[in-house]
Amino acid sequence: MDGVLNNVLGSLGERLERGLVDGFGGRPVPVRRFKQGNRGLLLIDAVNLAAASAEGQTDALVSRIQRVRARQDQPGRPVMAVVGYLASPAGLNGERALLEWIQQKAEASTFDLLREGAQLGDRVHAALAEVGQPSAQPRLGE
């Protein structure tokens, strides 16, 4: 998933960080990419909905995003989530319920990595402007 996401993000990936962000109770949450700004936090992740483990991957992804959204140290600063996904070769084939779960429960913008890569890039670019400049607060672990 990282390789496909890297290809879709292209040079935008250089503006993003990898690693851990604070989640509920201050517990670190691993995410594929993020950007902490002075006006909010952008999370970018990906899931393979065509995999046999799609349901487990989806549940883990939604849980991670919800734990970050539930953090209490950043009141008034929104958490935006953008999720790329891989679908069955012919498009969504029974995976629609998992995709809708991500959209509803993670409140994420979702994009097919193979068919909507340009739109994902556009959304990330816009979200980077929305979160603002890097915040003065140290990243987790600093």
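The values are calculated or read from the model by the stated rules, or taken from the named source; none is laboratory data. Here the structure is a predicted model, which is why all the values come from computation and not from measurement. Cβ atoms come from the backbone with ideal geometry, glycine included; neighbour counts cover every protein chain shown.
Within the group Leu49, Leu41, which residue is hydrophobic (A, V, I, L, M, F, W, C), buried (at least 21 other Cβ atoms within 10 Å of the Cβ) and touching an Asp or Glu at 6+ places or on another chain (Cβ under 6 Å)?
Leu49
With the condition kept exactly as written, say whether any residue in region 53-62 is closer than 16 Å to Glu107 by Cβ, in contact with a Leu (Cβ under 7 Å, 6 or more places away or on another chain) and part of a helix (DSSP H, G or I).
Looking through region 53-62, at least one residue is closer than 16 Å to Glu107 by Cβ, in contact with a Leu (Cβ under 7 Å, 6 or more places away or on another chain) and part of a helix (DSSP H, G or I).
Those residues that are buried (at least 17 other Cβ atoms within 10 Å of the Cβ) and among the hydrophobic types (A, V, I, L, M, F, W, C), I need them from region 113-127; list them, please.
Result: Leu113, Leu120, Val124, Ala127.
How many residues are farther than 16 Å from Val68 by Cβ, modelled with pLDDT of 95 or more and not in a helix (DSSP H, G or I) if we restrict to region 95-111?
Result for region 95-111: 2.
So which residues in region 60-69 are more than 15 Å from Phe34 (Cα to Cα), free of Cβ contacts under 8 Å to residues at least 40 places away in the same chain and either aliphatic (A, V, I, L, M) or buried (at least 16 other Cβ atoms within 10 Å of the Cβ) (or both), if there are any at all?
Correct list: Ala60 only.
Do we find that Arg27 is among the basic types (Lys, Arg), surrounded by 14 or more Cβ atoms within 10 Å (Cβ to Cβ) and in contact (Cβ under 8 Å) with a residue 12 or more places away in the chain in this structure?
No, not satisfied.
Taking the condition in a strand (DSSP E or B) and closer than 23 Å to Ala60 by Cα, does Val124 pass?
Criteria not met by Val124.
Any chance you could count how many residues in region 19-36 are out of contact with any strand residue (DSSP E or B) (no Cβ under 6 Å at 6 or more places or on another chain) and in a strand (DSSP E or B)?
Of the residues in region 19-36, 3 are out of contact with any strand residue (DSSP E or B) (no Cβ under 6 Å at 6 or more places or on another chain) and in a strand (DSSP E or B).
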